Structures are given as structure tokens and as C-alpha cells.
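Here is the structure we will look at, set down as C-alpha cells.
The values are calculated or read from the model by the stated rules, or taken from the named source; none is laboratory data. Quick caveat, the model's predicted, so the values are computed rather than measured. In this analysis, Cβ positions are derived from the backbone assuming ideal geometry, glycine residues included, and neighbour counts consider all displayed protein chains. Just the protein is used for accessible areas: all its heavy atoms, side chains included, with ligands, DNA and RNA removed. Shrake-Rupley method; radii C 1.70, N 1.55, O 1.52, S 1.80 Å.
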Amino acid sequence: MSGEPEIKFEDGDSYEKWMGVWSQLIGNQFLEWLSPESGKVWVDIGCGNGTFSEQIYNAHSPSEIQGIDPSPEQIDFALKRVADERVAFQLGDAMNLPFESDRFDYATMALVLFFVPDPTAGVAEMIRVTKPGGGISAYVWDVMEGGAPMANILNQFRILDIDHPYPPSSDVSRMERLEETWLQAGLRDIETKQILVQRTYENFADYWNLTSRSANVNPVLNLLSPDMTARIKKMTHDSLEVGHDESVTINAFANAVKGSV
Ligand SMILES: C[S@@+](CC[C@H](N)C(=O)[O-])C[C@H]1O[C@@H](n2cnc3c(N)ncnc32)[C@H](O)[C@@H]1O
């Protein structure tokens, strides 16, 4: 294998298929747990292609949502997603938010904190832009314990000793680290929750075609021979339970944390 595979988010439309559906399934549970008030001002940090912003918009009648993400392709998709002047998307980085202090009621990161190079700096920025009493929350796939939706394929890479990329701050996905990060940031009323979610694919081909596009799977497969890819596909198939109706159900889990300023 030559070159180092990297996790990149360069296609909002493809993202919608391999992750956006998962984001919505888990985002609903996360929002229910947050039980936010209506009519509030939100910042969705690492908004990606806008999938979670759209859920906030549909379920919680915000007075404003500002989404930021460093990926131009994700932001392009997000801009087409919700046509309402109360919802805006722009390029930006979690560690240097383009907003004045005390601007928001709620700051949130959905499946993002483990991509932020310095999670402590990212949380400090969330706190800076949030009003006293406001809510600071995040959830991340439990990538260290096999909670990500593409974990079955990643397991085969591991068995075959094939290098594959992790989010740069994967350690923060552990529940204890998440809670510690919120505690050390001085947040109050901290609560954590593990969220379980299932997605059923029509058949194995459907699962493979969508999941092998993931940002941490596709760049690895692109560096392998067709024979090796076929081997990984077969190993993945054999590791999954396929239903009588050919369907494949995948279980994933994430760790969530919330607190107030
Ligand atoms: C798994 S996606 C989550 C997108 C969306 N929040 C969702 O729930 O589907 C991770 C996102 O984090 C963004 N990201 C990576 N590094 C970031 C950073 N330093 N600051 C803000 N966002 C970042 C990526 O561009 C990507 O869109």
C-alpha cells in the first residue's frame, strides 16, 4: 500500500447517503435528550451538509441557526438544504469561531468533537460564544469501542493489519474523556448518555455500496488491489447477520454530553 489514507469530507451528496441517514437517526434521540426550548439561537459547529441543523429547525422552532464547517463541499450542500433566512451556513473552524461572545443560547457539535485537533480549545470556543446559562452539548460515535456505523469493515482492516485512519482526537469519544472535558471546562449540570441506534439496509449489497463510501473506509479501499477489496467485502459479509429477507441491520452507538455555562 502506498500513501497515507486520510479522512476528508469532500462530497456533501455522498455524505448524505453513507452518514446523513445515520446522523438523522441518532440526532433525533440526541435532541430528545437535550429537550431544548423553542425560539432559541443555535450554533451547529461542524454542521457538515446541514443534516443536524435541519433537524433542529424542524423540531425546535429556533429563532436562528448558524452552521459552520471547514468543508466547502459540505457547506455547499447545506446551503441548498433549508431555505429560511433564520438559517445560515458558512465556512469556519471549531477552534476559532467567527462569532462574537455570548451570542447563542445553544452551542452543539454533532459527530464533530473527535475531528477537532484540540477538543479543549473547541469547547472553550463553544463556551465563549454562548450566553451565561446556555447549553453546550456534543455527541460522538464511540470509535474506540467499535460504535461507529462502519465498524464491521474497520474490523476486517484490523484483522488483515491494514492501516486505516482514525479521527485525530478519537480519545475524546470515550465517555470518561467526554465528561472530563466538560468538567475541566467548568460547565455545570453535566449529564452524559450512551445513545444506541440501528439502521436496516435492504440487503448486503446496499450496506456495502453505501458504507464503503465512508470517509474512513473509501480512501483505504482506493489504495488496495481489487482482490484485496473483494476479500474484505467477503469477510465483512461473513461477519454480519443477514436476515431471511436478505436485510442487514447494523447497530451503532455514540456517547453524548451536555452541560450549561
Ligand atoms: C461526521 S461529520 C458530522 C457532520 C454533521 N454535524 C452531522 O451530524 O452529520 C464531521 C464534520 O466535522 C467537520 N470538521 C472537521 N474538522 C473540523 C473543525 N476543526 N471544526 C469544525 N468542523 C470540523 C467536517 O468537515 C465534517 O463535516
Rounded to the nearest Å, the spacing of the alpha-carbon centers of the stretch 198-220 and the stretch 119-160 is 20 Å
Taking the solvent-accessible surface of protein heavy atoms with a 1.4 Å probe, what is the per residue accessible area of the stretch 57-207 in Å²? 45 Å²
In nanometres, what is the gap between the two model label sites at THR120 and VAL21, each 7 Å from Cα along Cα-to-Cβ? 4.0 nm
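Find out how many positive minus negative residues lie around VAL87, taking Lys and Arg as positive, Asp and Glu as negative, among other residues whose Cβ is under 9 Å from that of VAL87. Working shown, then result.
Numbers: positive: ARG81, ARG86; negative: GLU54, GLU64, ASP84, GLU85.
Value of the local net charge: -2.
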Extending each Cα 7 Å along its Cβ direction at GLU176 and LEU223, get the distance between those two points in nm, one decimal. 3.1 nm
What residue among VAL112, VAL123, VAL21 shows peak mean-square fluctuation when the chain is described by a Gaussian network model with Cα springs under 10 Å? VAL21
State, in angstrom, two size descriptors of the chain derived from its alpha carbons: Rg to one decimal place and Dmax to the nearest whole number. 18.4, 57
Carbon + sulfur, % of accessible area of the chain - ligands and nucleic acids excluded, 1.4 Å: 47 percent
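Which FRET efficiency value, to the nearest 0.05, is calculated for GLN184 and GLU32 with the Förster distance at 25 angstrom and r the Cβ-Cβ distance?
That gives a FRET efficiency of 0.40.
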Can you tell me the 0 to 90 degree angle between the C-alpha axis of helix 119-129 and the longest principal axis of the chain, rounded to 10? 30 degrees
Once the in-chain neighbours fewer than 8 apart are removed, the lysines whose Cα is under 16 Å from LYS131 read LYS40, LYS258
So, in nm, how far is label VAL242 from label GLU202 when the simple model puts each one 7 Å beyond its Cα toward the Cβ? 1.5 nm
Among 211-220, 134-143, 80-89, 58-67, what's the highest-first ranking by average C-beta atoms within 10 angstrom per residue? 134-143, 211-220, 58-67, 80-89
Against the longest principal axis of the chain, how steep is helix 226-239, in degrees 0 to 90 to the nearest 10, with axes from Cα atoms? 70 degrees
